[in-house]
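Written below as structure tokens is the structure these notes are about.
Values in this text are rule-based calculations from the coordinates and carry no lab data. The structure displayed is predicted, hence computed values, not measured ones. In this analysis, Cβ positions are derived from the backbone assuming ideal geometry, glycine residues included, and neighbour counts consider all displayed protein chains.
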Amino acid sequence: MRINTKRIEYFTMSCGIGGLIGIAIGTTAITSSVVALKGNPFNVIQTHEPLIRKVTRFGLISLGSGLFAFGLGVAVAKYAGENFPDPELESSFKGFSKEETQYLDLTSKCYDCKYFHGHCYGDEDIDLICAIHPAGVEESICQDWEPKA
């Protein structure tokens, strides 16, 4: 079974954006309700108190729904990223060639040495790996290795 990763991407983006909108609406409604109820020095809003309490309730519902939708989007994105490989990434990276693998094996123990150079020169890409061992060290431990300062 082939999974359409674009649909998963659209779903997670929709959940995330919808969730953020719900969070914004909910916090705005709750904040304005609290300010209206608590910051009413002349008791002008008393007649509208039931309406303001409804706004607070709907603000809480909107906030909770937004948090749920955003969390769902994040969870689906994480699950999809771990379980469904991206075909675009797979097609772009075919792995290292034999020469590249040999070079990585040869230089992996040299990266932290103060003599490490690791550049190629000329038309034939001649490697200059190290100031002391230009072609690299064949042994597993280099007697000349010193840490970078």
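For this structure, a couple of remarks:
- Highest-fluctuation residue, G59, G118, G73 considered, GNM on the chain with Cα pairs under 10 Å: G118
- Between H117 and C130, A131, the built amide H atoms are under 5 Å apart, and every one of these is 5 or more places off in sequence or on another chain.
- Positive-end extreme of charge dipole, the chain - chosen from A69, A131, H48 (charges on Cβ): H48
- Length available on full extension from T28 to L51: 0.36 nm per residue minus the Cα-Cα distance, which gives 6.7 nm.
- Spherically averaged projected area of the chain from its Cα convex hull (nm²): 18.7 nm²
- Whether segment 104-149 is rounded, prolate or oblate, judged on the alpha carbon gyration tensor where a/c under 1.5 counts as rounded: prolate
- Cβ-Cβ FRET estimate between K148 and Y10, R0 fixed at 41 Å, reported to 0.05: 0.30
- Chymotrypsin sites (Phe, Trp or Tyr not before Pro) lying in DSSP loop within segment 91-133, provided at most 13 other Cβ fall within 10 Å: F93, F96, Y111
- Karplus-derived HN-Hα couplings along segment 120-130 (A = 6.51, B = -1.76, C = 1.60, θ = phi - 60°), whole Hz, x at Gly and Pro: 10, 10, x, 6, 9, 6, 7, 7, 10, 7, 8
- Charge dipole magnitude, Cβ of K and R +1, D and E -1 - the chain, Cα centre, debye nearest 20: 1960 debye
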